1. Suppose we filter Arg9, Arg71 for residues that are basic (Lys, Arg), surrounded by fewer than 17 Cβ atoms within 10 Å (Cβ to Cβ) and within 30 Å of Glu132 (Cα to Cα); which single one remains?
2. When only residues in region 84-113 that are part of a helix (DSSP H, G or I) and among the aliphatic types (A, V, I, L, M) count, which is surrounded by the fewest Cβ atoms within 10 Å (Cβ to Cβ)?
3. Quick one: which residue in Arg144, Arg43 is at pLDDT 95 or above, charged (D, E, K, R) and farther than 19 Å from Asp24 by Cβ?
4. Yes or no: Asp28 surrounded by 13 or more Cβ atoms within 10 Å (Cβ to Cβ) and assigned to a helix (DSSP H, G or I)?
5. Restricting attention to region 53-76, does a residue exist that is in contact (Cβ under 8 Å) with a residue 24 or more places away in the chain, in a strand (DSSP E or B) and not assigned by TED's automatic domain parsing to the domain that holds Ser126?
6. In region 12-32, which residues are in contact with a strand residue (DSSP E or B) (Cβ under 6 Å, 6 or more places away or on another chain) and under 17 Å from Gln99 (Cα atoms)?
7. Could we say that Leu125 is out of contact with any Ser or Thr (no Cβ under 9 Å at 6 or more places or on another chain), part of a helix (DSSP H, G or I) and either at pLDDT 95 or above or of a type in the set (A, V, I, L, M, F, W, C) (or both) here?
8. What do you reckon, is Leu63 touching a Gly at 6+ places or on another chain (Cβ under 7 Å), among the aliphatic types (A, V, I, L, M) and more than 25 Å from Val118 (Cα to Cα)?
Amino acid sequence: MMLLAALARPSRVFALVGIAAAPDFTEDLLWPRLDPTQRRELRERGTVTLPSEYDPAGYTYRLNLFEDGKRHLVMRRAIAVECPVRLLHGMSDASVPWQTCLSLAERLASSDVVVTLVKDSAHRLSREPDLERLGRTLDELLGRVR
């Protein structure tokens, strides 16, 4: 979403901060994880519920999310985002491989891209040190406008 917004209105975006950024996740990360039964359920019922470590009831995904995602793929080409970009990613992320943020960094047109990998953090980067790191990142970017 952040990339689509930045591409749609580049003059309105000062900087981007991605936390476990997963552009094209429905196509590249989620769809390949579905087994044939889950794919059939998604096509026939329009929804599929998958287990989640964050919700005992699982996450329900709708077919239109996959269809919309396919219409908005950004990782197939260079990404014409010129603003500063900061990407933070936990290397213990079981949901989004940390290599995804490296692929994203490579595709961004901006020369001001910083990737921060946190070896022992997971997907949410919600531990106190992770939140402090995020705060420092925001302070650094906001310091440019003061």
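1. Values: Arg71 fails: within 30 Å of Glu132 (Cα to Cα).
None of the others qualify; the one that does is Arg9.
2. If we filter region 84-113 for residues that are part of a helix (DSSP H, G or I), which is where we start, we get 99-107.
In the following step, the residues that additionally are among the aliphatic types (A, V, I, L, M) were identified as 102, 104-105.
Numbers: Leu102: 14, Leu104: 24, Ala105: 17.
Across region 84-113, the extreme among qualifying residues is Leu102.
3. Numbers: Arg144 fails: at pLDDT 95 or above.
Every option except Arg43 fails the conditions.
4. Details: surrounded by 13 or more Cβ atoms within 10 Å (Cβ to Cβ): yes; assigned to a helix (DSSP H, G or I): yes.
When the stated conditions are applied, Asp28 passes them.
5. There is at least one residue in region 53-76 that is in contact (Cβ under 8 Å) with a residue 24 or more places away in the chain, in a strand (DSSP E or B) and not assigned by TED's automatic domain parsing to the domain that holds Ser126.
6. At the first step, the residues of region 12-32 found to be in contact with a strand residue (DSSP E or B) (Cβ under 6 Å, 6 or more places away or on another chain) are 16-21.
Once the filter is applied, which keeps residues that are in contact with a strand residue (DSSP E or B) (Cβ under 6 Å, 6 or more places away or on another chain) and under 17 Å from Gln99 (Cα atoms), region 12-32 yields Val17, Gly18, Ile19, Ala20, Ala21.
7. Details: out of contact with any Ser or Thr (no Cβ under 9 Å at 6 or more places or on another chain): yes; part of a helix (DSSP H, G or I): no; either at pLDDT 95 or above or of a type in the set (A, V, I, L, M, F, W, C) (or both): yes.
So Leu125 fails the test.
8. Numbers: touching a Gly at 6+ places or on another chain (Cβ under 7 Å): yes; among the aliphatic types (A, V, I, L, M): yes; more than 25 Å from Val118 (Cα to Cα): yes.
In short, yes.
The values are calculated or read from the model by the stated rules, or taken from the named source; none is laboratory data. What you see is a predicted model, and the numbers here were worked out from it, not measured in a lab. All Cβ positions, even for glycine, are placed from backbone atoms using ideal geometry, and neighbour counts span all protein chains on display.
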